[in-house]
Every structure is written in structure tokens, then in C-alpha cells.
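Peer 1: I have a structure here, written as C-alpha cells, and I will follow up with some questions on it.
The values are calculated or read from the model by the stated rules, or taken from the named source; none is laboratory data. Model, not experiment: these values are computed from the prediction. Reconstructed Cβ throughout: ideal geometry from the backbone, glycine too, with neighbour counts over all protein chains shown.
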Amino acid sequence: MLFKSFLAIGGTFLFVQAFSLSARVSFKELVTINGTEYYIDSNGFTTSDAKLTCNSMNMSLISFDEPSEYETIQDWLLQNNLQTFWFWTSGIRSVNSETWIWGSTGENITDFTWAAGQPDINPGQFDTCIDFRANSQGWEDDECSIYLFGIICLLRDYVTINGTEYYIDNFGVSRDEAKADCDSRNMTLLAFDEPNEWENARVWLLFNGYDWDWFWTSAIRHVNSTTWIWESTGEEVTEFFWGADQPDITPGELETCLDFRVRNGGWDDDDCSIYLLGFICE
């Protein structure tokens, strides 16, 4: 079985196929705080690297969407002499918006714990990210692109994106394995059959560092048919968001499954039997 990816060399994207690893590798040591597992690293990261690092462990940049979680983390950092380090959160807003959201969940932030004088506006900066330091007694808004802060990643199991619960796994598996995993969770392989679901998922995956990962969907077609069906619902696919030059025909392949990578801007048709891709259950 093969992973599916692209490699940029000299500005040109080349298609690369690599054999899968036999097992996942654990790269980081987690800490358990009040029964929840976190990865905490006080080294400096850009926001992009922060999200990618969390994503590489199937974790999310922290969101303080539980009432007591900020105080719990603050206390732990103080007790472990990390009170002077700044840490990114997943809190973001658009440049022209006053609405803050937790990027890891897509939910609006309704309860704020701003530090004194925050949020503020720094001339010449776009303060669209939320960060904090344990001894500052609250959050601050800062420009996402110019600071290097620590990270706190939350072990991810299920995520809620705009009110819908998903399980997201970017480790490469066959489509049959992906479908079986979703079935074992009493969930189904993802179908973009609700209004704006593709756009909501796309934005969440981009923010959380999944833009280079490929994912299976539940869409299939029969070999001699041009009609696509959401296998998880039995409904015909009526709205498509194909990537550039898709759907295509690759010699020697039966491209009867639909997958996607956010970085490609849309969907792709591929052979169900030869690739190892991530998957999303709903």
C-alpha cells in the first residue's frame, strides 16, 4: 500500500509515493493534568509550526472552551516554573472582525479571560491571535506572524466543528480500514452532504495544520458509471468541489473513490485499493 503525497523541488511539485510505516511512532512525552493529556513545550514556535507540531501527534492547539481549563493550566504552569513563558492558544479572529473563535473547534469564544488592558491594538500589527503567560493573569491578543511562543497541545479524540462531531485521523490507512474504524465508533466515513460542510471542514483543517494531508470520503462510483454516491447515506453526490484537472483518469487505476487534500483546493478521484490516506468519521 502507498502513501500519497507531493514534494516541492525547485518550485515544481512532484508526485511521490512512499511505502507505509508498519506502526505509529510516539515522538513526545505527554503530561496528565486533571485527567486530560497535554503536550507542553516552552520553546518558541511560530503559529504555523505550533499547529503542525500538535497535528503531528494527532493533537490540537489548546482551546480554553471549558470554564475551568484556563485556571487549571495556569496553576500547572506556575507549579512547574513555567510562569514566565508565553504560549499560543487556538484563539483567532479575522482582521476585520471583532468575533473570536477557537480555531481548533470552530466555536465562537463567549467567555474571555483577558489580562489587564487587553485586548489592545498595536500600531502596524494585526493582533488576531490569542496567547497567554501564566503570571500575566489573563490572555493577550498579538500578531500571529511575528512572535515565537510555546505550545500546549490537547490530546484529540473527537472534535466539534460548527456543531458537528467528527473523529479525525491523518495516519494512512486503506479505505476499507478507514470505513471499519468509523463503523467501530458507530460513525460513518465523511460525506459532504450538508450545506457548507466542505467549507467548514476545509477552514478547520487549514487552521489545524492538515492542509498537506489526504483524506478518504465515503463517495464512490461504479467502474462503468459517472454517478457518484455517498456510500454512508446512499444519496447521490449532487454538488462537487473538484480540484484542478479533476476528475481525471490514471492509466492502470480504477478511480472509483473520492478523496481530498485541502492544499489542492478540492476533491480528487483515486483507486480505492492502492493508497493509504487519513480519514474523517462523523
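Peer 1: How do the strands (runs of 3 or more DSSP E) wholly within the stretch 89-144 filter down when requiring 2 or more residues that are modelled with pLDDT of 95 or more and within 24 Å of Y210 (Cα to Cα): which remain?
Peer 2: On the way: elements: 100-102, 129-133, 138-142.
Correct list: 129-133.
Peer 1: Okay, moving on. Would you pick out the residues in the stretch 203-254 that are surrounded by 15 or more Cβ atoms within 10 Å (Cβ to Cβ), among the small types (G, A, S) and either within 16 Å of the chain's Cα centre (by Cα) or more than 30 Å from C54 (Cα to Cα) (or both)?
Peer 2: Matches in the stretch 203-254: G209 only.
Peer 1: If you don't mind, another one. Among the residues of the stretch 178-188, which ones are surrounded by fewer than 18 Cβ atoms within 10 Å (Cβ to Cβ) and in contact (Cβ under 8 Å) with a residue 40 or more places away in the chain? Working first, answer last.
Peer 2: Kept after step one, since they are surrounded by fewer than 18 Cβ atoms within 10 Å (Cβ to Cβ), are these residues of the stretch 178-188: 180-181, 183-188.
Those that are surrounded by fewer than 18 Cβ atoms within 10 Å (Cβ to Cβ) and in contact (Cβ under 8 Å) with a residue 40 or more places away in the chain: D181, R185, M187, T188.
Peer 1: Among the residues of the stretch 83-106, is there at least one that is over 27 Å from F126 (Cβ atoms) and of a type in the set (D, E)?
Peer 2: No, the stretch 83-106 contains no residue that is over 27 Å from F126 (Cβ atoms) and of a type in the set (D, E).
Peer 1: Restricted to the stretch 257-271, and to residues that are closer than 15 Å to N224 by Cα and buried (at least 18 other Cβ atoms within 10 Å of the Cβ), which residue is modelled with the lowest pLDDT?
Peer 2: From the stretch 257-271, those closer than 15 Å to N224 by Cα are 257, 269-271; that's our starting set.
Pick out the ones that are also buried (at least 18 other Cβ atoms within 10 Å of the Cβ) and you get 257, 269-270.
Working: C257: 96, D269: 95, D270: 92.
Residue satisfying both the conditions and the ranking: D270.
Peer 1: For the stretch 224-231, state whether one or more residues are of a type in the set (S, T, Y), touching a residue at least 60 places away in the same chain (Cβ under 8 Å) and on the phi < 0 side of the Ramachandran plot. Lay out the reasoning, then the answer.
Peer 2: So in the stretch 224-231, the residues of a type in the set (S, T, Y) come out as 225-227.
Checking the rest, the ones that are also touching a residue at least 60 places away in the same chain (Cβ under 8 Å) come to none.
No; the residues of the stretch 224-231 include none that is of a type in the set (S, T, Y), touching a residue at least 60 places away in the same chain (Cβ under 8 Å) and on the phi < 0 side of the Ramachandran plot.
Peer 1: Out of W228, W212, W242, W198, I need the residue that is under 20 Å from L277 (Cα atoms), at pLDDT below 90, in the same structural domain as D270 (by TED's automatic domain parsing) and not basic (K, R). Which one?
Peer 2: Being under 20 Å from L277 (Cα atoms), at pLDDT below 90, in the same structural domain as D270 (by TED's automatic domain parsing) and not basic (K, R) holds for just one of W228, W212, W242, W198, which is W212.
Peer 1: Take A191 and decide whether it is surrounded by 15 or more Cβ atoms within 10 Å (Cβ to Cβ) and small (G, A, S). First the steps, then the outcome.
Peer 2: Numbers: surrounded by 15 or more Cβ atoms within 10 Å (Cβ to Cβ): yes; small (G, A, S): yes.
Spelling it out, A191 is indeed surrounded by 15 or more Cβ atoms within 10 Å (Cβ to Cβ) and small (G, A, S).
Peer 1: Every residue in the stretch 73-115 that is in contact (Cβ under 8 Å) with a residue 12 or more places away in the chain and of a type in the set (G, A, S), please.
Peer 2: Those that are in contact (Cβ under 8 Å) with a residue 12 or more places away in the chain and of a type in the set (G, A, S): S90, G91, S94, G103, S104, G106, A115.
Peer 1: Could you say whether any residue in the stretch 46-58 is surrounded by 11 or more Cβ atoms within 10 Å (Cβ to Cβ), at pLDDT below 80, outside the structural domain of D270 (by TED's automatic domain parsing) and not in a helix (DSSP H, G or I)?
Peer 2: yes
Peer 1: Quick one: in the stretch 255-282, which of the residues that are aromatic (F, W, Y) and under 15 Å from the mean Cα position of the chain (by Cα) is nearest to W214 (Cα to Cα)?
Peer 2: F260
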